[in-house]
């Protein structure tokens, strides 16, 4: 388990730095969100490292179960989400990703889930399209 945490952090940091470097090429302030998210991921990876540094010294048995695989599956879902944005459009893919990952993580309150989506989608539209004046990917549906 301790090696898994170290490897995870060592993989996340270069990817985040790569996102920051690549997002500098974006136009119309489109680099703000990826840069902000990548910096947040770096900060949380560093905090995760220091929070779990004691587990590196104390060996523990790693048992394979759904809780151990959950972060890796969320990363896989996130990669699929990024590709779906190109085909289905940003808002449709975001709504599907939000619903799917919420169910996967155990959220079963349908009212709050759909209420959050009803509030979240217009807020994202206002932030990205109106405030940042960014063109979001349009896919087959929207």
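The values are calculated or read from the model by the stated rules, or taken from the named source; none is laboratory data. Just so it is clear, the structure is predicted and the values come from calculations on it, not from any experiment. Note that we place each Cβ from the backbone using ideal geometry, even for glycine, and neighbour counts take in every protein chain shown.
When you look at residue 30, is it assigned to a helix (DSSP H, G or I) and either surrounded by 12 or more Cβ atoms within 10 Å (Cβ to Cβ) or at pLDDT below 85 (or both), yes or no? Lay out the reasoning, then the answer.
Numbers: assigned to a helix (DSSP H, G or I): no; either surrounded by 12 or more Cβ atoms within 10 Å (Cβ to Cβ) or at pLDDT below 85 (or both): yes.
No: the conditions fail for residue 30.
Does at least one position in segment 65-81 carry a residue that is loosely packed, with under 11 Cβ neighbours inside 10 Å, modelled with pLDDT under 90 and not in a helix (DSSP H, G or I)? Steps first, answer last, please.
Residues of segment 65-81 that are loosely packed, with under 11 Cβ neighbours inside 10 Å, as a first pass: 65-67, 79.
Subsequent filtering for residues that are modelled with pLDDT under 90 retains 65-67, 79.
Narrowing further to those that are not in a helix (DSSP H, G or I): 65.
Checked segment 65-81: at least one residue is loosely packed, with under 11 Cβ neighbours inside 10 Å, modelled with pLDDT under 90 and not in a helix (DSSP H, G or I).
Looking at 141, 121 in this structure, which one is more than 30 Å from residue 11 (Cβ to Cβ), in contact (Cβ under 8 Å) with a residue 24 or more places away in the chain and not in a helix (DSSP H, G or I)?
On the way: 121 fails: not in a helix (DSSP H, G or I).
Residue meeting the stated conditions: 141.
Taking the conditions exactly as written (surrounded by 13 or more Cβ atoms within 10 Å (Cβ to Cβ), at pLDDT below 90 and either within 25 Å of residue 14 (Cβ to Cβ) or within 16 Å of the chain's Cα centre (by Cα) (or both)), does residue 45 satisfy them or not?
On the way: surrounded by 13 or more Cβ atoms within 10 Å (Cβ to Cβ): yes; at pLDDT below 90: yes; either within 25 Å of residue 14 (Cβ to Cβ) or within 16 Å of the chain's Cα centre (by Cα) (or both): yes.
Here the answer is yes, as residue 45 does meet what is asked.
Name the residue, out of 92, 101, that is touching a residue at least 40 places away in the same chain (Cβ under 8 Å), part of a helix (DSSP H, G or I) and outside the structural domain of residue 12 (by TED's automatic domain parsing). Give the derivation first.
Details: 101 fails: touching a residue at least 40 places away in the same chain (Cβ under 8 Å).
Sole residue among the options that is touching a residue at least 40 places away in the same chain (Cβ under 8 Å), part of a helix (DSSP H, G or I) and outside the structural domain of residue 12 (by TED's automatic domain parsing): 92.
Those residues that are within 17 Å of residue 131 (Cα to Cα) and touching a helix residue (DSSP H, G or I) at 6+ places or on another chain (Cβ under 8 Å), I need them from segment 18-32; list them, please.
Let us first name the residues in segment 18-32 that are within 17 Å of residue 131 (Cα to Cα), namely 26-32.
Answer for segment 18-32, where residues must be within 17 Å of residue 131 (Cα to Cα) and touching a helix residue (DSSP H, G or I) at 6+ places or on another chain (Cβ under 8 Å): 26, 30, 31.
Based on what the data block shows, is residue 87 in a helix (DSSP H, G or I), over 24 Å from residue 32 (Cβ atoms), in contact (Cβ under 8 Å) with a residue 12 or more places away in the chain and outside the structural domain of residue 36 (by TED's automatic domain parsing)?
Details: in a helix (DSSP H, G or I): yes; over 24 Å from residue 32 (Cβ atoms): yes; in contact (Cβ under 8 Å) with a residue 12 or more places away in the chain: yes; outside the structural domain of residue 36 (by TED's automatic domain parsing): yes.
Considered against the rule, which asks whether it is in a helix (DSSP H, G or I), over 24 Å from residue 32 (Cβ atoms), in contact (Cβ under 8 Å) with a residue 12 or more places away in the chain and outside the structural domain of residue 36 (by TED's automatic domain parsing), residue 87 comes out as yes.
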